[in-house]
């Protein structure tokens with residue numbers, strides 16, 4: 001261990017080594033009094049004698065003075081502090097307010113300066129003006145500036161644990177809102193738009209600066225924290241069906257399908273049309289019912305799974321043999337664009353245009369309204385996510401003495417281990433905001449405090465802690481415990497069950513392996529993997545393994561030659577079995593997995609001849 | 001007998017898989033925990049690195065270690081225990097001073113540090129004798145400096161010899177790099193860095209019946225395969241216990257049995273247990289598929305489809321659990 005430490009230690013510099021001055025990492029000279037030197041440089045920069053893009057740092061340990069002015073350094077602005085006093089005085093702030101002062105001017109007169117990571121190393125920066133001491137060299141412009149864009153709009157980050165903030169950021173990016181105002185004119189391959197977005201009752205100052213309220217991504221929910229017959233256990237949510245019927249959490253989902261008339265070498269091309277019945281791979285007539293004469297579906301057509309949106313025929317994959325009459329028979333292949341399995345909706349718009357390659361192209365946008373249903377995902381801005389477990393009508397929801405019933409009931413177990421106190425505080429603040437009619441401020445470190453809300457609640461005649469007696473919706477009896485109820489901003493996240501749910505009992509298999517396909521889009525099965533197999537072995541369930549891995553997967557019957565042990569063939573014309581190696585021999589049918597047959601083929605390709613020795617099954 | 005029968009394992013129980021899962025499941029947790037213990041200096045590898053070391057059967061553990069228990073009075077007398085420890089600890093020439101080569105005269109110069117010498121209670125004579133015996137008879141003594149003129153021709157040989165001289169054992173048991181006297185449940189014992197069973201067993205004042213080492217390979221060499229199996233069980237249990245993982249001892253014993261079953265320690269993996277399975281298909285399914293298939297072809301090997309893997313590959317019931325029972329009567 002000692003050896004390792006030795007390696008890490010910086011080489012000791014000779015005591016008489018001069019302090020080197022490095023400009024952008026290049027040695028330009030030495031200096032005797034580095035501190036004085038750097039102070040002089042800094043003063044000159046602040047006085048405007050040196051460019052503001054310069055940064056200085058005296059590294060005492062390495063005996064270096066670093067001067068940097070090259071590109072690519074991350075720099076951020078700070079208010080300069082002298083003698084424990086911010087140089088951004090109230091007078092200057094007034095000037096800023098009435099437009100006599102500008103940012104650029106503040107920088108040039110030495111009130112605000114930009115520092116890079118190295119210069120920052122030698123500074124003491126206060127977060128708030130109240131924290132200033134004579135030792136401080138700088139002051140943050142505002143505590144929220146220490147956060148990035150995404151965190152800065154989250155409420156009360158200082159009350160939450162940091163992993164939850166990270167998660168809240170990740171989830172805020174998945175929330176549905178108005179991602180753009182011209183969504184009606186766009187053809188994004190998938191897009192969600194919320195029906196009635198609201199701005200949060202509790203917002204941060206950056207939220208206002210960013211004008212987020214103009215394209216908000218969430219709604220203010222009345223939330224109660226209590227268990228609800230187990231339907232909100234393990235991060236499930238109980239939502240009011242009545243609120244959903246009134247439009248809560250409703251969104252629209254657009255999906256654009258596109259296809260083009262491709263041209264092939266040899267002058268052949270695709271054609272948009274209603275395929276003729278003779279077309280190879282013709283689907284049932286019903287599938288084409290939405291198409292107009294041009295082979296393209298009408299807008300506002302109600303399309304279901306596997307309905308054709310654009311009828312398209314393609315030339316055959318291989319050149320046709322010349323028929324008996326000596327002419328090439330015109331055969332076409334069905335290649336229509338259809339709605340993927342499991343999806344449905346209304347044709348919203350149809351766009352006929354040219355593709356980049358210059359082919360005629362159709363883009364058909366399908367719209368479907370997504371009403372919250374069991375399985376949809378919602379999250380507050382505190383990393384508290386959940387999935388709807390039950391939609392309960394308002395008459396069955398608990399209610400307060402004022403007749404308020406919650407839109408959402410979350411489980412109390414979601415709180416203690418995650419330590420999202422901000423969630424509780426936002427609920428209380430939201431409740432107060434509902435009644436005072438004023439937005440609450442939830443900016444990091446400088447937001448409204450609990451005391452404010454408590455006195456507000458008291459003045460409004462509520463329990464100051466936000467707890468209320470709820471009455472059971474089923475019996476009308478008062479619930480003994482007081483229940484925390486408030487108003488908090490919730491986001492609908494774009495993980496909707498209707499776009500995800502998938503079942504398979506029978507379905508397509510892969511060409512190569514004869515095993516079931518994979519993935520929802522291909523109507524596939526769920527993989528019964530190695531570890532699952534091990535579990536069945538461990539359990540001793542031999543018959544079940546066989547069923548999963550063979551009977552429900554790629555079982556085949558192959559003919560095996562008794563003499564040479566290779567796979568035989570059936571001659572359907574002669575109606576006889578034969579072994580391609582022995583020609584005349586006794587063949588037996590053997591059950592095996594197709595994957596094993598493939599393995600035998602691959603071993604043969606290696607130059608090894610695998611033989612099967614058959615025995616009657618005991 | 002009464003007690004054994006209810007805990008006997010049923011015929012066809014997949015004990016291997018169950019053992020693998022029982023060790024593997026807490027093992028995954030250990031993986032997660034190991035990487036989160038960043039920066040904590042470990043004296044001896046524990047947790048996952050140690051587990052891997054055991055299962056891979058490395059020639060020598062990363063930090064070989066011994067616990068030496070003492071005979072007679074030394075057990076309760078720290079001073080005496082210290083004295084034994086000092087005798088055991090291997091002192092090399094390099095520890096007593098600086099060993100450098102003198103290229104101009106083709107000599108090895110040994111500058112001994114008198115403080116270190118007295119601290120370790122090593123006499124000048126002792127050193128000189130050892131140096132004479134192994135480096136060359138031509139030894140000049142000048143105060144604390146020894147000059148040896150070895151019989152070498154090239155400078156390269158001189159350099160090599162000098163390096164070897166640094167690890168020249170002066171006293172103590174070889175490979176025992178450091179000793180600490182610790183207090184255990186029944187008196188003092190010595191913990192050493194470095195392992196050497198035969199050397200320690202012969203040492204004075206040592207209870208040779210209770211010598212412990214964490215070097216499984218050495219146990220196998222010195223004490224035989226049964227001892228190695230027990231040592232393996234002990235070490236595996238130790239690792240899992242220190243991590244607070246509760247794995248039934250029988251799973252560990254099965255693992256140790258599998259690793260030692262043919263009289264020689266085998267590792268788990270390509271070069272050991274998995275690489276020596278009976279069936280061609282089972283081996284090919286694990287690693288180095290082509291190698292196994294080609295070798296099987298050269299030797300015209302036949303797979304009797306005895307194992308689990310083979311039967312799954314061809315698509316038959318596995319000879320385990322419910323797949324084991326067959327109809328006695330042919331219909």
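Taking only pairs six or more apart or across chains, which ones have beta-carbon atoms under 9 Å, a first residue in region A:117-129 that is over 16 Å from residue A:68 (Cα atoms), and a second residue that is at pLDDT below 95 and assigned to a helix (DSSP H, G or I)? Short answer, once both residue conditions are applied: A:127/A:143; A:127/A:146; A:128/A:143. One residue alone among B:314, B:308, B:290, B:239 is facing chain A (nearest Cβ under 9 Å) and more than 28 Å from residue B:11 (Cα to Cα), and that residue is B:290. Taken together, the residues in region B:134-160 that are part of a helix (DSSP H, G or I) and either in contact with a helix residue (DSSP H, G or I) (Cβ under 7 Å, 6 or more places away or on another chain) or touching a residue at least 60 places away in the same chain (Cβ under 8 Å) (or both) amount to 1. Residues in region B:293-305 that are in a loop (DSSP other than H, G, I, E, B) and within 8 Å of chain A (Cβ to nearest Cβ): B:302 alone. Filtering region A:607-618 to residues that are within 11 Å of another protein chain (Cβ to nearest Cβ) and either in contact (Cβ under 8 Å) with a residue 12 or more places away in the chain or surrounded by fewer than 11 Cβ atoms within 10 Å (Cβ to Cβ) (or both) leaves A:607, A:609, A:610, A:611, A:612, A:613, A:615, A:616, A:617, A:618.
The set of residues in region A:581-594 being more than 8 Å from chain B (Cβ to nearest Cβ) and under 22 Å from residue B:315 (Cβ atoms) consists of A:587, A:588, A:589, A:590, A:594. For residues in region B:318-331 being surrounded by fewer than 20 Cβ atoms within 10 Å (Cβ to Cβ) and closer than 22 Å to residue B:17 by Cα, which is nearest to the other protein chains (Cβ to nearest Cβ)? For region B:318-331, the residue satisfying everything is B:322. Check region B:264-281 and report whether any residue there is surrounded by fewer than 16 Cβ atoms within 10 Å (Cβ to Cβ), facing chain A (nearest Cβ under 10 Å) and outside any loop (DSSP other than H, G, I, E, B). For region B:264-281, residues surrounded by fewer than 16 Cβ atoms within 10 Å (Cβ to Cβ), facing chain A (nearest Cβ under 10 Å) and outside any loop (DSSP other than H, G, I, E, B): absent. If you go through region A:209-219 one residue at a time, do you hit one that is part of a loop (DSSP other than H, G, I, E, B), farther than 25 Å from residue A:147 by Cβ and touching a residue at least 24 places away in the same chain (Cβ under 8 Å)? Among the residues of region A:209-219, not one is part of a loop (DSSP other than H, G, I, E, B), farther than 25 Å from residue A:147 by Cβ and touching a residue at least 24 places away in the same chain (Cβ under 8 Å), which makes the answer no.
So that you can scan it fast, the table gives a plain yes or no per residue for (1) away from chain A (no Cβ under 14 Å); (2) modelled with pLDDT of 80 or more:
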{"site": "B:35", "(1), (2)": "yes, no"}
{"site": "B:39", "(1), (2)": "no, no"}
{"site": "B:52", "(1), (2)": "yes, yes"}
{"site": "B:56", "(1), (2)": "yes, yes"}
{"site": "B:84", "(1), (2)": "yes, yes"}
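Of the residues in region A:400-418, how many are over 21 Å from residue A:153 (Cβ atoms) and either in a loop (DSSP other than H, G, I, E, B) or touching a helix residue (DSSP H, G or I) at 6+ places or on another chain (Cβ under 6 Å) (or both)? Matching residues across region A:400-418 total 12. Taking the stated definitions as given, is residue A:569 within 13 Å of chain B (Cβ to nearest Cβ) and more than 42 Å from the chain's Cα centre (by Cα)? In short, no. Tell me, please, whether a residue that is under 27 Å from residue A:376 (Cα atoms), under 31 Å from the mean Cα position of the chain (by Cα) and not in a loop (DSSP other than H, G, I, E, B) can be found in region A:476-484. Yes, region A:476-484 contains a residue that is under 27 Å from residue A:376 (Cα atoms), under 31 Å from the mean Cα position of the chain (by Cα) and not in a loop (DSSP other than H, G, I, E, B). The condition (being facing chain B (nearest Cβ under 10 Å) and not in a loop (DSSP other than H, G, I, E, B)) is satisfied by just one residue among A:604, A:597: A:597.
When residue A:520 is tested against (1) touching a residue at least 40 places away in the same chain (Cβ under 8 Å); (2) within 11 Å of chain B (Cβ to nearest Cβ), exactly one condition is not met: (2). Do the conditions hold for residue A:248, that is, is it closer than 30 Å to residue A:412 by Cα and either assigned by TED's automatic domain parsing to the domain that holds residue A:379 or buried (at least 20 other Cβ atoms within 10 Å of the Cβ) (or both)? Against the criterion (closer than 30 Å to residue A:412 by Cα and either assigned by TED's automatic domain parsing to the domain that holds residue A:379 or buried (at least 20 other Cβ atoms within 10 Å of the Cβ) (or both)), residue A:248 qualifies. For residue A:440, the requirement of being closer than 17 Å to residue A:204 by Cα and either surrounded by 15 or more Cβ atoms within 10 Å (Cβ to Cβ) or modelled with pLDDT of 95 or more (or both) is met. Residues that are touching a strand residue (DSSP E or B) at 6+ places or on another chain (Cβ under 8 Å) and not in a helix (DSSP H, G or I) do not occur anywhere in region B:124-133.
Take the residues in region A:529-558 that are touching a residue at least 24 places away in the same chain (Cβ under 8 Å) and not in a helix (DSSP H, G or I); name whichever of them is nearest to the other protein chains (Cβ to nearest Cβ). Out of the qualifying residues, it is A:555. Go through region B:2-27 residue by residue and tally those that are more than 9 Å from chain A (Cβ to nearest Cβ) and in a loop (DSSP other than H, G, I, E, B). Qualifying residue count, region B:2-27: 5.
Here region B:186-201 is the region considered, the condition is being over 20 Å from the mean Cα position of the chain (by Cα) and surrounded by fewer than 21 Cβ atoms within 10 Å (Cβ to Cβ), and the residue that is farthest from residue B:83 (Cα to Cα) is B:186.
The values are calculated or read from the model by the stated rules, or taken from the named source; none is laboratory data. Note that the structure is predicted; figures quoted are calculated from it, not measured. Ideal geometry is used to build each Cβ from the backbone, glycine not excepted, and the neighbour counts take in all protein chains shown.
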